[in-house]
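The values are calculated or read from the model by the stated rules, or taken from the named source; none is laboratory data. In this text, all values refer to a predicted model and were calculated from it rather than measured experimentally. Virtual Cβ from ideal backbone geometry, glycine too; neighbours counted across all protein chains shown.
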Amino acid sequence: MRQTVPGEISKYGEGFVKGLAIDAVIFGFHNNQLKILIIEHGDANLFALPGGYIYEKEDLNDAAKRILASKTGLDGIFLDQFHIFGNYDRNNPETIKVIMQGQGIPPDPDHWILGRFFSVGFYALVDFTKAIPRTDALSDSCTWYDINDLPPLILDHKQIADKALEVLRENLDKKIGFNLLPETFTMATLKNLYETILGVPLLRSNFQRKILSLDILERAEDPVKYAHKAPFLYKFRRT
């Protein structure tokens, strides 16, 4: 048995908030590629978003950071709550039983993790070349998958991922790129980030006009040196 948290193994879940969980959609971006981090329960051959449970004496945001770090080895990154998922039929006890059996946990029908759960969705943004995910006691692999080529996910995790992408797109103008780009960057680099996340090409002149009107950028001192023309470098304003 690889699970090491007694309260999760126990039928009664001592020390945990019952009926409430966290699921994280971790986006990774680099060189015009947008990916999502997926864990695999190898003994069950099931794929899921990184997630976990909340201690009774723990703030929600602290729980999200702890779960993210334990499931992926990532910390100190942008993390934000975006939605609560609570449909009555979102849980599938039979799927959870398969995962439990794969971990050597007897699937007692009264086990606390087989009950109804609401899930608080968080999303995070990282440069996936700088993030080295790691497995925890419950997962056999932790792998980046292209946003358009995800494996089949358990429960409503595909819906959670889709909602996170929707929210990410809606919030692109709120310095999302601060977590994905170097300190200074060209307008073309920022445009490529937008195009990758939105999934559509953008007109250069319209994009630049819109971004500059948001007043979230400031001109860096030194332009990139080219033989013919030097594009300006920008950075996000710190507020």
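Only one of Lys71, Lys97, Lys65, Lys57 is more than 23 Å from Val167 (Cα to Cα), of a type in the set (Lys, Arg) and surrounded by 17 or more Cβ atoms within 10 Å (Cβ to Cβ); which?
Values: Lys71 fails: more than 23 Å from Val167 (Cα to Cα); Lys65 fails: more than 23 Å from Val167 (Cα to Cα); Lys57 fails: surrounded by 17 or more Cβ atoms within 10 Å (Cβ to Cβ).
Sole residue among the options that is more than 23 Å from Val167 (Cα to Cα), of a type in the set (Lys, Arg) and surrounded by 17 or more Cβ atoms within 10 Å (Cβ to Cβ): Lys97.
A count restricted to segment 168-219 and to residues that are in a helix (DSSP H, G or I), surrounded by 11 or more Cβ atoms within 10 Å (Cβ to Cβ) and of a type in the set (Ser, Thr, Tyr) stands at 3. Listed by first and then second residue, the pairs with beta-carbon distance under 9 Å, at least 6 apart or on different chains, first residue in segment 198-211 and not assigned by TED's automatic domain parsing to the domain that holds Asn148, second among the acidic types (Asp, Glu), are Pro201/Glu195; Leu202/Glu195; Phe207/Glu195; Lys210/Asp173; Ile211/Asp173. When Ile132 is tested against (1) of a type in the set (A, V, I, L, M); (2) modelled with pLDDT under 75; (3) within 21 Å of Lys163 (Cα to Cα), only condition (3) is not met.
Quick one: would you say Leu114 is at pLDDT 85 or above, touching a helix residue (DSSP H, G or I) at 6+ places or on another chain (Cβ under 8 Å) and not β-branched (Val, Ile, Thr)? Let's see the steps before the verdict.
Details: at pLDDT 85 or above: yes; touching a helix residue (DSSP H, G or I) at 6+ places or on another chain (Cβ under 8 Å): yes; not β-branched (Val, Ile, Thr): yes.
Taking the combined requirement at face value, the residue satisfies it.
Just checking, does segment 227-236 include any residue being touching a strand residue (DSSP E or B) at 6+ places or on another chain (Cβ under 9 Å), in a helix (DSSP H, G or I), modelled with pLDDT of 80 or more and not assigned by TED's automatic domain parsing to the domain that holds Thr129? No.
Candidates Pro93, Pro107: the one that is more than 13 Å from the chain's Cα centre (by Cα) and under 18 Å from Ile22 (Cα atoms) is Pro93. Looking at Leu150, Leu125, Leu165, which one is within 15 Å of the chain's Cα centre (by Cα), at pLDDT 75 or above and part of a strand (DSSP E or B)? Within the list Leu150, Leu125, Leu165, the selection yields Leu125.
Considering only residues that are assigned to a loop (DSSP other than H, G, I, E, B) and of a type in the set (D, E, K, R), which ones fall in segment 39-73? It would help to see each step written out before you state the result.
Of all residues in segment 39-73, those assigned to a loop (DSSP other than H, G, I, E, B) come to 42-45, 49-50, 56-59, 73.
If the condition is that a residue be assigned to a loop (DSSP other than H, G, I, E, B) and of a type in the set (D, E, K, R), then Asp43, Glu56, Lys57, Glu58, Asp59 are the ones that fit.
When the residues of segment 74-94 are filtered to those that are part of a strand (DSSP E or B) and not aromatic (Phe, Trp, Tyr), the one that is surrounded by the fewest Cβ atoms within 10 Å (Cβ to Cβ) is Ile84.
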